[in-house]
Each structure stands twice: as structure tokens, then as C-alpha cells.
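What follows is one structure encoded as C-alpha cells, with my remarks underneath.
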Amino acid sequence: MIELLLVPLITTLVLAFFIRYKRITWTLFLAANGFVLYKLYSIYGIWNLSYKVDTAYKILGAELTLGVSNNPIGWYFAFFSALITLLISLFSIGFNKNSRSNVSVIWMLIIFSNLGIFFAQDWVTFFMMWELMGWTSFFAITNGKDKALDGAKYYLALSLFGAALMLIAISVLAQYTGTFQIFASAYGLLQIINSSTKLGIGILLLFLTTFLIKSAIFPFYMWPQKVYSEGPEDYITFMSSVMIKYGIYPMAIFIVPVVGSADLPMILNTGNVLQYTIGYLGAISAILGTILAIFQTDMKKLFAYSSVANMGYILLGFSSMTIVGFEGSLFHVVNHMILKAAIFLTLAAVVFRTGESEMHKLGGLVYRMPLTFMTFLLGIIAAAGIPPLNGFGSKWMIIQALMSKRMVVFAIAMIFASTGAFMYLFRALASIFLGQLPDRYKDVKEVPPTMAIPMFIMMVIMLLTGVVPGVVMKPLTSALKAVGYNVEVASWTTLEGSLKNSVIDLKIVFYMFVAGVIISALMYFFGNKSEKVPQNDNYTAGEYPEEWGVDADRFNYSYAFYQPFKEMFEPLLESVSIDGFFASIGRNFEFLSSTIQGLFKRGEGAVLLFSIGVLLLILGGLII
Amino acid sequence: MNSIVFLVVIPLIAAFLSLFLEKLNKLAMYIVTLFNLIFSITVLMSGNIPFNVAIGGWRAPFGINFVVTDITIYFLLLVNIAALISITVVNNIKEYQFYSFYFVLLAATNGMVLTGDMFNFYLFTELSTFAIAGLVAYKRDRLSTGAALKFLILSSTASLFSLASIGLIYKTLGTLNFADIALKLSKLNQASYNLILILFLSSMLVELKIFPFNLWVVKSYEGSITSVNMFTHGMLGTAGIYGAIRILLIVFPNMYSTNISKVLIILSVFTVLIGEVGALKEKNLVKILAFSSMAQMGVFMFGIALGSFESIKGALYIVVSNYLAKLVMFLVTKQYSNAVESKNYIDMKGLGRKYPILAISFTIAALSLMGMPFFAGFWGKFSIVVSALALGKLSTIGIAILLIASVVEGVYYLRISHTFFAEKDVNSVNISRVYSLIPFVLAAIILAIGIYPNFIEQILWNVIDEIKNAPDKYINIILSLK
Amino acid sequence: MMAVLRVFLFGIFAIFIGLLFMGIGRKVIARIQLRYGPPFYQAFLDVGKLFARKSITHNFVMDLGMVMALGGLLATMLFVPIAGHVAVKTSTNLIVIMYLMAIGYLGMAMAVAASGNPNATIGVSRALTMMLGYEVPFFTVILGLIIVNGTSSLELISQSQAGSILNWNMIKFPLAFIAAEIALQAMMGEKPFDAMIAPAEIASGPMVELSGKYLGLAFLTHAVSIFVETAIIVNLFMGGASNIFTFVLKQFEIYLITIFIEAVFPRFKIEQAVKFLWTVPIGIAVLQLLLILL
């Protein structure tokens, strides 16, 4: 068990030593990730593995023990994270050939902390790893670039704030339950909620806020777009696909069981108050993320908001508190990992070749980067939740769960977000890859093989998980069963909903799709043959603008793509600006800072302040 | 072990000699400091701690006495190690005044830690204050003179209060010996007790950098050279902390039953808030460190003011972490600011890429101050948080504010670290790699404690044991001897 | 082998019915507008002609997209029960049908955007905005029916209305039916919700660069989509049917309503359309949902 953590740690040191040799570091990085994946694969099913460190450090009258142990849900998260990370690290070898900074060292440290989070046995270990993740991410995001500092600072402040809340929550919880063990304290918290509701909910909300911050749920939905737009693209891929799920894991193992079994006031007999709180947060994230994604012109920001929306779906699944919804959410975690990784890899490839991430400045790249285009296409089909790719199954399960619990508002929010997803995803597709190729990108080439291979594998995985969801659902259901949930191990291709007669066989969906395409292809071949003409021939009506001494003026409709929509929603969004709120907090702190500096700079009235201090002491000691 | 007096006497003699040594001053400085350090290590190793030395053969409580217990010896080591590390950055100084003041400071801080009675403590404090004021003014420009003057005024005010409280103690209890006071204080009526405590606290808090007694801090840090900053932090600061622990916890343990401890909680929370927020917009690295050391003292004071043994342990962790981290930071600041001839951290952009060890050490120190796990500061923060939450509303609110302030701290420290590692060509800069050694070692210690707290956990429990059993143990040592 | 033949037959049938509806629709509109109009089999002639013509393409995405468009809608069609018959044995899940339909639209959108004409892209952007407009009310309606029946299987919902005409959801939940009808109008892209085509503004939008068999495929896609959408409504609100003729007749009734509205209304601007869809039909649908829930 411990080597799973030691290897990344040692690799970090070795990488730090070789930091100036890119080829060595990235190869080592890949190898270490390969080892982690292999090791995780080999410990599947051995749930009693654990490793403990006894310290002499005394807290709450007892000596603190730190421990990691193999647990099924943690394994599920860790394994798929490791799989995606491996693919991204393969991509990184090619991607980082020309970059000046080397993010691999800090990234390895993050991987270490992540494994620690998933396998932590007690809250202290969990917290230590969680904090480690916070500041290491800061350095990974900035990666020596001043431009990225603002976003990274925002992220850092939020994650430190979250960690502070969690520290308070852990301490209070330990005081009442007498234990730092995660699973034991979940039962403890349940008892606290049942005996003194206010305190219990307070503790729970502190935990929840921390996790919400990391998973970018409303009201903390701003950091992804700030961070993703500036960080190194390959690391951002990791962050958006894998790291954003770290808030979901503790929710799955801690928040959901507690909220699900807590004895709280019910709303309309469908769910308790906290359940609805979680649900509304998820619904708002899903809707807001979608609307904001539709507005973006920067492709990385667009997909950052898309991540927010997807995190919202996961929360919606949790809020149903049914086993189908829970499975659906956890399934969506992996699906989103896969599809977001695929999408961000293609974005990284585009940036790698063109250095541009504003969508309206791109266009027509399909002519030059067909493989990247295909990966992106499959990625967005998956992201839109269209069968037969992998985003569909999990979304379907979540909607099923919401409908069976009669949570109509959430179900409608989910549909709104999915349909809206279609809008922004298509916009990205059309603006980046379709349309006319600008002259400045005439010489762009397809990415080199080391980057193309992971993208290709991503395509295969997306299709595979889409048609045979069992590859994810089987480990998931086995893990849930091992934890003690009352579930059957899923079959390879069918998914089971919670309504009457709602078993769908994704294999059949796939066959039907193939059948439809075959019929339509027959039609296509049945028609008269077509001729491939350059776009110019049609566009300038066969004339040669060069002959008139002008260039062919190429343009794509991609800047204000959804202008009417934007005009409809902008007034609404202006009135609820969370970002403005946070910014004003920052400004107030800076204003305060200047004031304090002024006080200390002049240093006048030192003795006066001294006297005030003495008076305060006298007030406290003698009078009161 | 009567020879313990040498720790104070030899530096004092050196202070006189420095008038004549001229170029040999630097050598003398090393010799004396090393002597002090080695002597304290010998005392630690000798194994007959605790012991009590009555100067001139007069028994306590009537005579002057030096007491060496667990707390004393550890703080003695801290002071002397800080002295040794600080003088490594002293170079190109020819004036004998500097050396003279340094020796006085060394004697005074050692004396502060060793002494067993109130009046001597006061004397040594005064001595160290004057020494520091002289050292701050060493640069002789407008800024440093002003800073020294400010410090002098504040500390004189403080000493006035201190003297008043000592007078009161002598008037009411007829003794000045710590142990004797501790014994007799409980018989005093509440009002006099409070008055004495308030008067004494007011003077202590100046040295402990607690708001609103700390207006000297930023200016004097800004105005003085790095070695003096390190003296202020490592020697005077550490001795002050010792004083706080010794006097507040052992002499005035009844403080916790009065409202004064609550006022202290409020004041320390304010100190932290002001320190952290004040540093947020600052660009001058030295001033940032000044603000931050203020904040760290606030955290320490918070832990002490809470009064549970776990929180005191946390405070001690904070002391260790802050002690090490600030030394690292000053050393790094010294090298980097020399290299770019500016104290603005933005000018130091990119230095971390060329001299990574210094920048990494700085980052480790910063993370420790932020209370990040795997660094020494975390254990302190953790203990304080856990015990604060168990101790009622005021401390809960206090700890919440403290944690939010630590968010601010994280932002400004990591911003500096980022600047060090930012992409920029810095080929013209040259720093000898030798200077990386000490910061690296200190940072490694921070990391080691952070990963494996067992290294110092036992030591800290010894200290706390002494505090716990103060009435029996400490008092017996002093009063029942010889 | 039988299954393959069955799937093929279902596909051809849907295309045939769809084209027939289109032709009749044109005739009906012409008569409403006091014109003579083309013969009812005109749509077949058009498609035949288009497939016989040579055509131009710009890149493989256009070909892929057009094939995907028709393929996706045909696949959707195979999940819709027609008078109790489904091409293959599945649970005819409504959510699957709704999502599968999207792949057809995506294919179409991709193909026309790849043509590189800004007008086409403008058309697509309007179509997608419109989609967000009608999906929400339509889903709200569906949600009500799903909750009433406790199932999301289209077949079960249609079976639950068997017996007399009074069991039809159309009678039981008239508000839902009205909302669904309005959403259907937008779904088919008929007036007043045809801002994405708008020949006068953006030169038929998506169709602007299509020629020959590409336009033919677009026609077929439209035909299948008419078939699928009317079939869903018939199953949801009119209790399906016992045989195929009744079923098609019911579909035609639905289509006729759409055509009547199409014939007499002018065009909404896109934001007006979305605003309308998010106020009137959603309001009605939510009212119905509340009636069902409470």
C-alpha cells in the first residue's frame, strides 16, 4: 500500500533533480504514472490493505495516528484518475518539447497528494493531502508565468479558505465524536445531527463548502475559467478532467451517506432540506455554467464553464439520494473525466500548433488537423450526452433518478443544461474546426504521433464506455457492493433506471445508430457523385480576387455567435454577480492593507496607541 | 555549575574589549558566540538540569540567582544558535560600535533567559533594548535613526510600566524572585494582582510585537541591516518569548481566571489580522517579513492566551516554526536583495530559477508559516485550532479570524515565491552557492519536523510538563536549594 | 436477417411517410393561400431530381455530417413505437429518443458549418438557440406524463391510454397537449418559429451551400424528423393506434395542425421566439405539472 504513495514522492525528488532535462523528466513522469496505474490495478479487491504511521504528536489527549487504507470508492476514483493521467502524461512528452518551464515536478507531487486523498483513512491525513494539493496547484498553474498569477491567486485563496473551514469542521467533529477516522466520524456526525441538529448541520455545511470549492460548484464557480485560461495546457487537462473530481470523492463517501440517512424535515415528501440544498446548488451550477459557457469567446474558458455545469449534474445525481442517482453521478465522474480529457487534449493540440485560444481567431482547422477534429467531435458528442458515446449513460441515469423522486425542478434544470450544452459545444466545434481556414494557419500541421496516440486512445475509450458501460459500471457497482450498498453488479451493456420498464441496452442503441447510418450511407452512395471543390470556388463565385489585386477576404461567423441569447440573459446575470462580490472582498482587503501600511509607515502616535492598549487591558482586567 | 555566569560575563567583557580590537572584532564575535553556543550545549549535555546558581553565595529569594531548567536551556540554545547564524551575514562592518552593541545584546539576551528574578529580567531587557536601538541606528540615515528613536521611546515607556510593576511587587510581596513571587501572589487581593499583571503585560507586549504596542516593528525592520533584523528576530524575539512563557505561565498562572486573558485573545487576533493584511499590498520584502513576524507573534500569543496545555504546545510549535522560517527568510532576502540591490521582491523576479535552493528554502519557510501540512507550522496551527474550538465562543471566533488571516498570508507569501520562480533572464546576477547552505539546512529541519513531529514533540512536552508542575518543580528548585 | 430487413423497412417507411406529408403540406398551404400548389407527390420528385444531379462538396465533414444527420434521425425513428410495433425490442425510452434526435441535428449543423458560408452558420446558431427554447417546455410536458405513468417508456405511456378516446392524454391533460403542440411547431421549424431558415434574411440559412444529393439528404432528414416528431406526439397524447393506417392518420392530423399554423403566421425574431417559448408554453406546461403533482 505505502509504495503507491512512496513512488510518486520519490519520483518527485528525482524529477526535481533532473528538472533541466525535459526528455528525461517527462519519460520518468510517464513511467511513474504507469507504475501507479499498474499498482492500483493490482490492489483491486484487496480492501483490507492499509498502512499506519504512529506519531508521538498528542492531540485531544491521544497520540495521533495517520493512516492510508484501500477503500473501494477511493479505488474507483483513483484508478480512473490514474488511467486518464497516464494518457495525459503521454501527451505531455510531445507537448512540452518546446516549453520553457517544467511543471512535471510539482505535478508529480499533486499526484501524490491525490492518491493520499483517495486512500486517506482519517481526516488528518485527508486534510494534509488536501492542503498539499492546494498550494502545489498554485505553482503548477502559474508555472513561472505572471499572466497566470491572478487566476492562480484566486484559486489559492479559495482553496486555503476551504481548507480552513475543513480544519474547523474536522476539529469540532473530532471533539464530539472522539475520532478522526472518516467512516467512524460519518456515523458520529449522523448522531450529532439527530441529537443537536443545528450543530450537526453546521459541521456538515463546513465540510460541504470545502468540497464545493474544489469542485467549482456555485457560488464558487468562477475559478475554473480564471485558472484554465492561463495555466499550462497539459496540466489544465489534468486539472479539468481529474482534479476537479476531488471535491466529489469526499462528498460521495461522507456527505451523501450522512445526508441520505439524516432525520431532517422533508420537503414535499421527496427529500430532506439538505438534499434540496445540494440539489439547488447543483441545479444553479448546471444552469449558470451552461449560460456562461454560451457567452465565452475563449475556448478554454468555455470548457471551464462546461465543467462547472457537469459538476452540477453530479450534484443533482447526489441530491436524488437514490442508488440509481448515486451510481449515475459516480459514473458521470468517470465519463466526464474521459470526455473532458479528450476535449482539453485537443484544445492543447490546437494551442500547441496555433498558439491561439480565442475561438473567433481560429477556424477551418479540420483541413489541417483531422485527427484532432475527430477527437474533438467525439468529445463534444459525449459531452452533449448523445448516445452512443459515453456521456449519455450517466446523464440518463441521473435524470431517471430525479424523475423517479419527482424532483421536477432539478430534472428540468438538467434538460436545460444538456440542451444548452449542445449550443456551446457546437459553437466551439464550428468556430475552431469548421468554416474557412484563415491564411495565417495555412501551414499548420497535424500534431506529432506522441500527442496523436493518446488522443486516439481517448476516442476508443469514449466509444467503448459509451457502448459497453460495463467497463466502468462493473468496477463501480462492485465497489459499492463492497462498501455495503445494496446493488447488483451491473452487466456489460445495459443500464438500469429507477422507473418502470426502464432498462436500456446501449449495445442496441449503438446497433440502431449504425443501422441508421448504413441506410443513410446507402442513400448517399445511391445519389449522383459529388465533386470536391475548394471553398474559394463557391465562396467568391468562381472569381479570383487576386486578379483584382485584393486578397480573398475570409471570414467566419463566430464572434458573437449567440448574440440574441446573450442579450436576453445578460441583464439577469449582471444582477447576480458572485464574481463582483468576491472581487469586492479582495478590494476591501487591499484597501485595509494600505491603511495599515500607512499607520505603520508614519508610526505616529506610537505612545498613544500604547496607552490605548494599556487602557484596554485595564478595562478587561479591572473594570469588567 | 557556577560557570553558567560566563554566558553573560564573557560577552560583556568582549563588549569592552571591542573598543580596542579593531580588525579582530569580527573574529572575537565568532569566538564569543561560539563559546556561548558550545557552553550551552555542554550544559544541556551535562545532564544535571535543573539547577540553580546563587550569585555571590546569597540564597534565593534574597540573592540574585540564575536558574537552568528545561525551558531555559532550550531557549538558551535558540538564542545562541540564532546569534551564530545571524553573524554569518555580517560583513564589511568596521565600526567597533556595532560589535560592542552586539556583545551587549548577546549578554543581555542570555541573561534574560537565565535570570531567576524579576529585577534582573528588567535590567537585561533594558540592556537588550538599548543594544537593539543602537544596532538599528547603525546605518545612520534618516530612516534608521527615526526607527531607533521610535523603538527607544516605546521601550522606555514600557520600561516605566515594568519598573512600576516591579516596585508594586516589591512593595506588596517583599520579594523579586520569580519563584517567591509565584508562591506569594496567590495571597494577594485580586485588584492588586490585576494591576501588577497589567503593568507588567504592557511592557512585555512591546517586545512581543502585539498590537497596539507594536508600532516600532515595521519601521525598525525596514531601517536596519539584515543581520540586525536577524538579531531582533532570533535573539531579542526569542528571549522575549521566553519571558512571556516564564513570567505569564509560571509566575502569573492565575491570569487565566481573569478577563485579562480574554483581552489578550482579542489583542492577539487583532495583531494577526493587522500583520497579515498589512503585508498584503507591501512590495518591500523586509517590511513583509516584519508584518509577518508580527502576525506570527500574534498566533503565539493567541495560543498562550488560550491557556490549555495543548494550545501552549501549539504555540511552542509556532515559535519553533517561526524561529526557523524567519531566519531562512532573512538569509534569502539578504542574498537576493544584495544581488539585485533592491528590497522590492518584484525586482527579484526569476532569481529562483538560477538559485533554486534559496528560493525553495524560502518557499518551505513560507509554507511553514502558513501552517501547511508537512511543515513544522502545521502542527502548531492544528493544536491551536483544536483547543481553541473547545474553549468557548470568543476563542472560536478568534480562531476563525486567524484562519481567514492565514488565507491572506498564503496569498502574499506564495505570490513572492511565484515571483522568484517567474520566467526572466537573470544572467547578470551572481550569488555564491555557499550562502545556500544554512537556509537549506534550516528548511530541511522545518520539513523534518513537519513530516515527523516526534523530533521535537518530546522536548515540547518536557517544557509543558515544567509549566504544568510549575508550583512544585520550579519553585522547589529555586527555593529549596543550598 | 429478418431484423435487418425489418430495420430497413421501418426506415424506408418513415422516409416515405415523411415525404408524403411534406408534399401534402405544400398543397394544403397553397390552398389556404389561394394558390393551386404543386401535386402531393412533388416532394418525391424533388428528392429524385436532387439525387440525380451532380453536386459539390468542400471537405469530408460535409459528407460525414449529412450522413450522420439522416442516420441519427433514422436511428431515433427505430426507437419510436409505431402502432405498437418497434423495429427492435427495446424499452422505447423517451429520454433516449430525445437525446438520439440530437445527433441528427448535430450532423446537419456540422455539415452546413463545414461549408464555410457564414449564412449557414448563422442559421445553425439560430436553430440551436431555438432548440433550447422548445426543449425545455417539451420536456416539462413529458415530465408530467412520465410522473403520472411512473415510466419513461413511450410504449407503456401509449398503452396506458388504451380503451376509449376519453383515456387519451389529450383529453386528460389538455394543457399539456397545447404546450406540446406549440413546442412541436418550433421543433419542426415551421412558422412562426422558422427564424433559422428565413430565406429573406439569411438565404435559407443552413441550406445555402447544399446542392444535389446533399440537399436531397437534408430533405430526407426533414421528412424523417416530421415522422418522428408526430409519432411521438401521437404516442404521448393520442394513445398510439392499433394498426398502422390509424397511426399514420393520427400523425397526419397532428401535422395538419402545424401546417395550418404555418400557413397563416408571420415569423418571430429568434429572441422573440425563445421568449415566447419560455413564457407561454412553459407556463402552460408548468401549470399542468402542478396539477399533476398536487
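Structural remarks
- Scanning region B:339-351 for residues that are surrounded by fewer than 24 Cβ atoms within 10 Å (Cβ to Cβ) and either in the same structural domain as residue B:212 (by TED's automatic domain parsing) or touching a residue at least 60 places away in the same chain (Cβ under 8 Å) (or both) yields B:339, B:340, B:344, B:346, B:349, B:350.
- Qualifying residue in region C:94-108 (condition: touching a helix residue (DSSP H, G or I) at 6+ places or on another chain (Cβ under 6 Å), more than 25 Å from residue C:11 (Cα to Cα) and within 7 Å of another protein chain (Cβ to nearest Cβ)): no
- Single residue of A:367, A:280 found to be of a type in the set (Phe, Trp, Tyr) and within 14 Å of chain C (Cβ to nearest Cβ): A:367
- Residue within region C:181-191 that is part of a loop (DSSP other than H, G, I, E, B), among the acidic types (Asp, Glu) and either within 11 Å of chain A (Cβ to nearest Cβ) or surrounded by fewer than 23 Cβ atoms within 10 Å (Cβ to Cβ) (or both) present: yes
- Among (1) crowded, with 24+ Cβ neighbours inside 10 Å; (2) farther than 27 Å from residue B:322 by Cα - the single one residue B:189 does not satisfy: (1)
- Test: residue in region B:256-274 that is in a helix (DSSP H, G or I), in contact with an Asp or Glu (Cβ under 6 Å, 6 or more places away or on another chain) and either more than 8 Å from chain A (Cβ to nearest Cβ) or surrounded by fewer than 24 Cβ atoms within 10 Å (Cβ to Cβ) (or both): no
- Residue among C:218, C:200, C:223, C:241 that alone is of a type outside the set (Ser, Thr, Tyr), within 30 Å of residue A:434 (Cα to Cα) and modelled with pLDDT under 80: C:200
- Filter pass, residue C:69 being at the interface with chain A (Cβ under 7 Å from one of its Cβ atoms), crowded, with 20+ Cβ neighbours inside 10 Å and under 15 Å from residue C:98 (Cα atoms): no
- Residue count, region B:455-464 (criterion: over 19 Å from residue B:325 (Cα atoms) and without any contact (Cβ under 8 Å) to a residue 12 or more places away in the chain): 1
- Helices (runs of 4 or more DSSP H) completely within region C:192-294 that count 2 or more residues being within 24 Å of residue C:108 (Cβ to Cβ) and within 14 Å of chain A (Cβ to nearest Cβ): C:199-202, C:212-237, C:270-293
Yes/no matrix, rows are residues, columns are (1) more than 10 Å from chain C (Cβ to nearest Cβ); (2) buried (at least 24 other Cβ atoms within 10 Å of the Cβ); (3) under 20 Å from the mean Cα position of the chain (by Cα); (4) closer than 27 Å to residue A:473 by Cα:
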{"position": "A:387", "(1), (2), (3), (4)": "no, yes, no, yes"}
{"position": "A:391", "(1), (2), (3), (4)": "no, yes, yes, yes"}
{"position": "A:398", "(1), (2), (3), (4)": "yes, yes, yes, yes"}
{"position": "A:401", "(1), (2), (3), (4)": "yes, yes, no, yes"}
{"position": "A:412", "(1), (2), (3), (4)": "no, no, no, yes"}
{"position": "A:437", "(1), (2), (3), (4)": "no, no, no, no"}
{"position": "A:444", "(1), (2), (3), (4)": "yes, no, no, no"}
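- Note on region A:501-616: enclosed helices (runs of 4 or more DSSP H) holding 1 or more residues that are within 12 Å of chain C (Cβ to nearest Cβ), in contact (Cβ under 8 Å) with a residue 60 or more places away in the chain and of a type in the set (Ser, Thr, Tyr) are A:535-539.
- Number of positions in region C:72-93 that are at the interface with chain A (Cβ under 7 Å from one of its Cβ atoms) and either under 17 Å from residue A:527 (Cα atoms) or in a strand (DSSP E or B) (or both): 1
- Exactly one residue out of B:364, B:397 is at pLDDT 90 or above and surrounded by fewer than 17 Cβ atoms within 10 Å (Cβ to Cβ): that is B:397.
- 3 or more residues over 29 Å from residue A:483 (Cβ atoms) and within 26 Å of the chain's Cα centre (by Cα): qualifying helices (runs of 4 or more DSSP H) within region A:181-251: A:223-228, A:233-241
- Any chance residue C:40 is touching a helix residue (DSSP H, G or I) at 6+ places or on another chain (Cβ under 7 Å), on the phi < 0 side of the Ramachandran plot and in contact (Cβ under 8 Å) with a residue 60 or more places away in the chain: no
- Residue count for region B:421-455, restricted to those that are more than 10 Å from chain A (Cβ to nearest Cβ) and in a helix (DSSP H, G or I): 17.
- The set of residues from region B:91-116 being of a type outside the set (S, T, N, Q) and under 24 Å from residue B:68 (Cα atoms) comprises B:102, B:103, B:104, B:105, B:106, B:107, B:108, B:111, B:112, B:113, B:114, B:116.
- Positions within region B:161-202 being aliphatic (A, V, I, L, M) and not in a helix (DSSP H, G or I), in sequence order: B:176, B:188
- All of (1) outside any strand (DSSP E or B); (2) more than 7 Å from chain C (Cβ to nearest Cβ) hold for residue A:495 with one exception: (1).
- Of the residues making up region B:374-384, those that are surrounded by 23 or more Cβ atoms within 10 Å (Cβ to Cβ) and facing another protein chain (nearest Cβ under 9 Å) are B:378, B:379, B:381, B:382, B:383.
- Among the residues of region B:138-153, those identified as under 19 Å from residue A:604 (Cβ atoms) and not β-branched (Val, Ile, Thr) are B:142, B:143, B:144, B:146, B:147, B:148, B:149, B:150, B:151, B:152.
The values are calculated or read from the model by the stated rules, or taken from the named source; none is laboratory data. Note that this is a predicted model, so its numbers are computed, not measured. All Cβ positions, even for glycine, are placed from backbone atoms using ideal geometry, and neighbour counts span all protein chains on display.
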